[in-house]
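See structure below.
None of the figures in this text is laboratory data; all of them are computed from the coordinates on show. Given the structure is predicted, the values throughout are model-derived calculations rather than measurements. A quick note on method: Cβ atoms are made from the backbone with ideal geometry, for glycine too, and the neighbour counts reach across all protein chains shown.
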Amino acid sequence: MKVLIVEDEALLSKRLQNLLQEIRPEYEVCGITRSVRETTDWLKQHPEPDLIFMDIELGDGKSFEIFNKNRVDAPVIFTTAYDEYAIQAFKVNSIDYLLKPINKEELSIALRKFERTVHASGQGAGKLANLIREMIPRKTEYRERFLVKKGQKWISVEAGNTALFMVSHGVPQLLSRDKQKYILAYTLEEIENQVDPDEFFRANRQFLISRQAIKAVHPWFNSKLKVEMEPDPEEEILVSRERAKAFKTWLGE
């Protein structure tokens, strides 16, 4: 049996490796990874192991993210510092887990359970993988296109081709990256709830701006920020003092 250990604490991964050698000397630890990114890369570059021991909390995120990036059909035994009640779902659904610090007897029980599952049914791994995928929070679906009015007809504009949304003289409008203005059939509040918040920021009551279209940001009076856009909406875009910190964080400060 080839085993992958996913654990960001070196002492704990070494202890688990030693315990496995004592209990199942025929098992081979074929890899030890310490982060979501490292594990993702490892799984892409190596044959899938027979069993994975996986810590839930890694330095760069929760290990569930790994299943968003890879197809993983190998059975998983989670290792965690959480108490039993915090992970009832794993136990109820026959996903095994070990509480840290890992106990030799509990490890033996988990391995026997794993072996019974695998030998009893070749479907064990697949069922486990499907259950894990169901537990992964699904990414929110954001609107990718907007229906806009051009003259007497309606056309569709991609969100990725949008520089900003604005209200001018009480009329909601979309300014595209290719400098076209269109009338919208949505309020700014409706649009704000439909676009990806990583890509669009509500600068003020009048403007919802795209990260990709920001040309520069300038300090302004009373701790406000002035945003320069490309293309230029020909109206001043100011971020209030109260919103300035959130705006800079959004930009990656």
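Work out, step by step, the length gained on full extension between L11 and E199: first 0.36 nm times the residue separation, then minus their alpha carbon distance; give nm to one decimal. If you can, show how the numbers build up before the last one.
Numbers: separation 188, 0.36 × 188 = 67.68 nm, distance 4.02 nm.
Using 0.36 nm per residue and subtracting the Cα-Cα distance, I get 63.7 nm.
How big is the gap, in Å, between the Cα center of the range 223-239 and the Cα center of the range 154-193?
One Cα centre to the other: 16 Å.
Rounded to the nearest 500, what is the 222 nm mean residue ellipticity of the chain from helices alone, with -39500 (n - 2.57) per DSSP H run of 4+ residues and division by all residues?
On the way: 8 runs with 79 residues, N = 253.
Calculated from helices alone, the mean residue ellipticity at 222 nm is -9000 deg cm²/dmol.
Can you put L99, L184 in order, fewest other beta carbons within 10 Å first?
L99, L184
Quick one: of the DSSP bridges fully inside the chain, what percent are antiparallel, nearest 5? Could you put the intermediate results ahead of the total?
Values: 32 of 48 bridges.
Antiparallel bridges make up about 65 percent of those DSSP assigns within the chain.
Taking Cα pairs under 8 Å and at least six residues apart, what relative contact order does the chain come out at, in percent?
Numbers: 390 pairs, mean separation 26.2, N = 253.
Taking the mean separation of contacting Cα pairs over the length of the chain, I get 10 percent.
What FRET efficiency comes out for E22 versus N68 if R0 is 45 angstrom and r is the Cβ-Cβ distance? Round to the nearest 0.05.
On the way: r = 34 Å, r/R0 = 0.77.
Efficiency, rounded to the nearest 0.05: 0.85.
As I understand it, the value is the acute angle between the Cα axis of helix 104-120 and the longest principal axis of the Cα atoms of the chain; what does it come to in degrees, rounded to 10?
The answer is roughly 80 degrees.
Taking θ = phi - 60°, what integer Hz values does the Karplus form 6.51 cos²θ - 1.76 cosθ + 1.60 yield along the range 142-149, in sequence order, with x for Gly and Pro?
10, 5, 9, 9, 10, 7, 10, 9
Run the numbers for S240 and F221: contour at 0.36 nm per residue of separation, minus the present Cα-Cα distance, in nm. Walk me through the numbers before you get to the answer.
Numbers: separation 19, 0.36 × 19 = 6.84 nm, distance 0.98 nm.
Net length gain for the segment: 5.9 nm.
What does DSSP give for the range 1-79 in terms of the percent of beta bridges that are antiparallel, rounded to the nearest 5?
15 percent
When semi-axes √(5λ) of the Cα gyration tensor in Å is calculated directly from the model, which label among [x] 52, 20, 15; [y] 26, 24, 17; [z] 31, 25, 18 fits?
Calculated semi-axes √(5λ) of the Cα gyration tensor in Å: the matching label is [x].
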